[in-house]
Structure formats: C-alpha cells, structure tokens
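The values are calculated or read from the model by the stated rules, or taken from the named source; none is laboratory data. Computed from a predicted model, the values in this text were never measured in an experiment. FYI the Cβ positions are ideal-geometry reconstructions off the backbone, even for glycines, and counts take in every protein chain you see.
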Amino acid sequence: MQKRYLSVLAGLLIVGLLLTGCRAKKADPNTIVIGASTIPHAAILRHIKPELKKEGITLDVKAFSDYVLPNKALASGELTANYYQHIPFMKKANHDNGYHLVSAGGIHLEPLGLYSKRVKKLSAVKTGATVLVSNSQTDWGRVLSILKAGGLITLKPGVKVENATFNDIAKNPKKLKFKYTFEPKLMPELLKNDEGTLVAINSNYAVQAGFTPEKDAVAIESLSSPYVNVVAVNKGDENKPAIKKLIKALKSKSTQAWIKKQWHGAVLPVK
C-alpha cells in the first residue's frame, strides 16, 4: 500500500512539474509559439527569426498540415498565435467553435486566379461557358468577386462577397455554368485537360503545376481582397509588445521584397 501511495505521489509531482513548465513557457512575454502552414507561412516566419532575435523575441514555429488544429491549439492556449488563414475562415471557425480569435495584422495574399486554354481575357468568354471551381466553399466568393469585377455577373443586393455562393448570383447574362465538386488540388489537371472555359486555381497549386499566377491567369484577385492571410491571436493579445514586433517584422520592406522574390507572384505581400 505504501509503495502504491508513493507511486501515485510521484506521478502527481511529475504532472505538476510538467504543468508548471508549460505555464512558465506560455507566460514568457518574449517567446511567441506560432502555428503555421508549411508553405509559405512557416518559411516566412523562419526567415524573420533572426530579425526578431535582435529585438529580444524568440520565435518558436510549429508547422501544421491541416486547417483545423492551428485554431484549436490557439484557442486552448497551446499557441501564442497562428499564421495560415484569412479572416472569413477565422470568422467561420469562431462561429462554429466558440473561439474568440482576432487578426493582429494582414500579411499576404495567395491570389486565386481564373485560368483558361480557350480565352485570354474575361470579355472573350462565350455564352454558356463552363466555370470550374473547387468544392472548398471559402473559394466560391473569391471566384464570384473576380467574375463580378470582370462584369460577367452581379450579386443579389446585400450579399457580402466572402459569404456568397452560386445561389447569390443576381444576373448572369452570359449564362455561365458552374461546376464546383472538385478537390482543390485537382484544378490544374482540369485546366491541362481543357475541361472548362475558366478554371479557378489557388496560387499554391498553380505554382506547383508550373504556372505563374500574375502572368498566366486570365483574371486574378486584387490586394483589396478580403482573403488576405493574417496572423491570428486570442482577443486581447493583439496589442502585446511581442505580437507588435512580429507584425512589424513580417511587414518590413525587406521581408516583403524577400516574399516577392521567393514566390514570383504566387504570394503577394500587403502593406
């Protein structure tokens, strides 16, 4: 019985020490534990680590391969911040999960573009043309905003672009047909097979397929897009000195120049 008691006591002490260590790490105001997608987010963060070190800030980058865990880890306090998402995605995560995440600053846009093997400009699209879009609903408003800016459609009054679906189209004078059942990563293959007049492709998949978004897309998102990727934090943390220094380093002229050179227009820094 005594051995069992001592064993339980030792276990409790170990757990206590581990929790104390976690709290100490979390409480360090000069350490930022940040979750990020591998490309380009984690690469950008690692690029600025030396700059932040000079400012007395330690940046601990945790790479994630999915889009759910980084917000969950941030909301639970395992992360100080994350960098992988745009505001419409973050708002949906807040709504669906009861999170209280906010943007500490917009950093870059990974522009979604419309590509084609049949036309070189939107005005050349013929009546009845097919537009191929991924099954990712957060892409739908992006596609509709490009078509709206190009004069091919209008949206119903009061509809916000970031929430728009294909049912929100008010006028479609060229009777465009929309298909949106495809995995995002398959979109370049659909373009190569010429399966639609316009094919919407996210910049990361476009680059992987050998395209240069700014040069090869028929039409592309502008930097005024609401889909700018942000650094997210828990509400109340956006004004902490370490977070301010992080945003300053990410938005510095040298970092922006490096981003442009590194990804050739597939990642566009915002001011």
> What single numbered condition from (1) within 17 Å of Val68 (Cα to Cα); (2) in contact (Cβ under 8 Å) with a residue 24 or more places away in the chain fails to hold for Gly98?
Replying inline: (2)
> Which residues, taken from the stretch 122-137, are in contact (Cβ under 8 Å) with a residue 60 or more places away in the chain and either of a type in the set (S, T, N, Q) or surrounded by 16 or more Cβ atoms within 10 Å (Cβ to Cβ) (or both)?
Replying inline: Leu122, Val125, Ala129, Thr130, Val131, Leu132, Val133, Ser134
> Taking strands (runs of 3 or more DSSP E) that do not extend beyond the stretch 64-125, which have at least 3 residues that are modelled with pLDDT of 95 or more and over 21 Å from Thr165 (Cβ atoms)?
Replying inline: 81-86, 101-109
>> Quick check on the stretch 158-175: of everything there that is in a loop (DSSP other than H, G, I, E, B) and under 29 Å from the mean Cα position of the chain (by Cα), which residue is surrounded by the fewest Cβ atoms within 10 Å (Cβ to Cβ)?
In response: Gly158
> Taking into account only those residues within the stretch 50-87 that are small (Gly, Ala, Ser) and surrounded by fewer than 19 Cβ atoms within 10 Å (Cβ to Cβ), which is farthest from Thr31 (Cα to Cα)?
Replying inline: Ser65
> Here are some residues: Gly196, Gly141. Which one is closer than 27 Å to Gln256 by Cβ, crowded, with 21+ Cβ neighbours inside 10 Å and of a type outside the set (Phe, Trp, Tyr)?
Replying inline: Gly141
> Residue check: is Asn167 in the same structural domain as Gly77 (by TED's automatic domain parsing), modelled with pLDDT of 95 or more and not β-branched (Val, Ile, Thr)?
Replying inline: no
>> It is to be established whether one or more residues within the stretch 132-140 are assigned to a helix (DSSP H, G or I) and of a type in the set (D, E, K, R).
In response: yes
> Picking from Lys49, Lys53, Lys25, which residue would you name as being modelled with pLDDT of 90 or more, among the basic types (Lys, Arg), over 25 Å from the mean Cα position of the chain (by Cα) and assigned to a helix (DSSP H, G or I)?
Replying inline: Lys53
> Which of (1) within 18 Å of Thr197 (Cβ to Cβ); (2) modelled with pLDDT under 95; (3) more than 14 Å from the chain's Cα centre (by Cα) does Asp139 not meet, given it meets every other one?
Replying inline: (3)
